[in-house]
Amino acid sequence: MDRTLKALSLILSYPTRDLQSAMPEIGGVLASDTRLTAAARRTLRPLVEALRSGDIYDLEEHYVMLFDRSRTLSLNLFEHVHGESRDRGGAMVSLVETYRAGGFEPATSELPDHLPVLLEFLSTRPFAEAQETLADAAHIFEALDARLVRRESEYAAVFAALLQLAGVTADKKAVAELLDQPDVDPNDLEALDEVWEESEVRFGPDPNAGCPQVRDMLSRMDDPVNRASGTAAE
């Protein structure tokens, strides 16, 4: 198992007392991974400490305000590609099939494209395979990093670390397109309602649909499994 990807999966999960208890170990894993620069490891320390020692109710409220109330900070990756269109349904089905082909059954009620779930899956795969998938999502990570830096959130350090592990430079045009989306203050409930109402919602997957970025991400996730072993992982 890639302990760093697992650690990042946990640190992006909803805060719990169990997570707080595990933060010393999680912090140790992140501090020892030389794939990350010394600066990146140092920048992760404040978040590790905040999650370790902060008031659990404050941590929960902060998490919800960041990731659950703002679409532009959503941890559901396909939200940034498809929004609520029906293309997202087809991409979600393909992702679930990829998980199952790798012998992975998420023990969570979160959607399959939830980043902590994806990182947990990638932690079970060879790093070269995981890195290709991270690289496909690099533009999303960079946009999230930029938005969190703007909010002075310690969570930005996680996305900076993911960008380093991806080992690529994110496509600037794709990043700019994401950052062009209105970034609404999660405390402004009226503005939040307007953003959600403006989105067209279409239900049901379209089997012939799919964003090229998502198809590429999923194909890269599928192919290395077959190349590496010829069978699904145990």
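The values are calculated or read from the model by the stated rules, or taken from the named source; none is laboratory data. All values derive from a computational prediction rather than experimental measurement. Glycine gets a Cβ as well: all are built from the backbone with ideal geometry, and neighbour counts include every protein chain shown.
Take Y14 and decide whether it is within 19 Å of the chain's Cα centre (by Cα), closer than 27 Å to L178 by Cβ and assigned to a helix (DSSP H, G or I).
no
State whether the residues of the stretch 196-206 include one that is modelled with pLDDT under 95, over 19 Å from the mean Cα position of the chain (by Cα), closer than 19 Å to G103 by Cβ and assigned to a helix (DSSP H, G or I).
Scanning the stretch 196-206 turns up no residue that is modelled with pLDDT under 95, over 19 Å from the mean Cα position of the chain (by Cα), closer than 19 Å to G103 by Cβ and assigned to a helix (DSSP H, G or I).
Tell me which of these S153 doesn't satisfy, since it passes every other one: (1) under 18 Å from E79 (Cα atoms); (2) not in a helix (DSSP H, G or I).
Here S153 meets the rest and fails (1).
Condition first: touching a residue at least 40 places away in the same chain (Cβ under 8 Å) and surrounded by fewer than 16 Cβ atoms within 10 Å (Cβ to Cβ). Now tell me which residues in the stretch 17-63 satisfy that.
Correct list: R35, T37, P46, I56, E60.
Which condition does V93 not pass, out of (1) in a helix (DSSP H, G or I); (2) buried (at least 16 other Cβ atoms within 10 Å of the Cβ), if it passes all the others?
Tallying (1) in a helix (DSSP H, G or I); (2) buried (at least 16 other Cβ atoms within 10 Å of the Cβ), V93 fails exactly one: (2).
Among (1) crowded, with 16+ Cβ neighbours inside 10 Å; (2) of a type in the set (A, V, I, L, M); (3) out of contact with any Ser or Thr (no Cβ under 6 Å at 6 or more places or on another chain), there is one condition L119 misses while meeting the rest; what is its number?
Looking at each condition in turn, L119 falls short on (3).
Hey, can you tell me all the residues within the stretch 124-156 that are closer than 23 Å to R52 by Cα and over 13 Å from the mean Cα position of the chain (by Cα)?
Of everything in the stretch 124-156, those that are closer than 23 Å to R52 by Cα and over 13 Å from the mean Cα position of the chain (by Cα) turn out to be L148, V149, R151, E152, S153, E154.
Right, R100: exposed (fewer than 15 other Cβ atoms within 10 Å of the Cβ) and basic (K, R) or not?
For R100, the condition - exposed (fewer than 15 other Cβ atoms within 10 Å of the Cβ) and basic (K, R) - is met.
Of A170, A157, which residue is under 24 Å from T43 (Cβ atoms) and at pLDDT 95 or above?
A157
For the structure I just gave you, tell me whether H80 is of a type outside the set (D, E) and surrounded by fewer than 19 Cβ atoms within 10 Å (Cβ to Cβ).
No: the conditions fail for H80.
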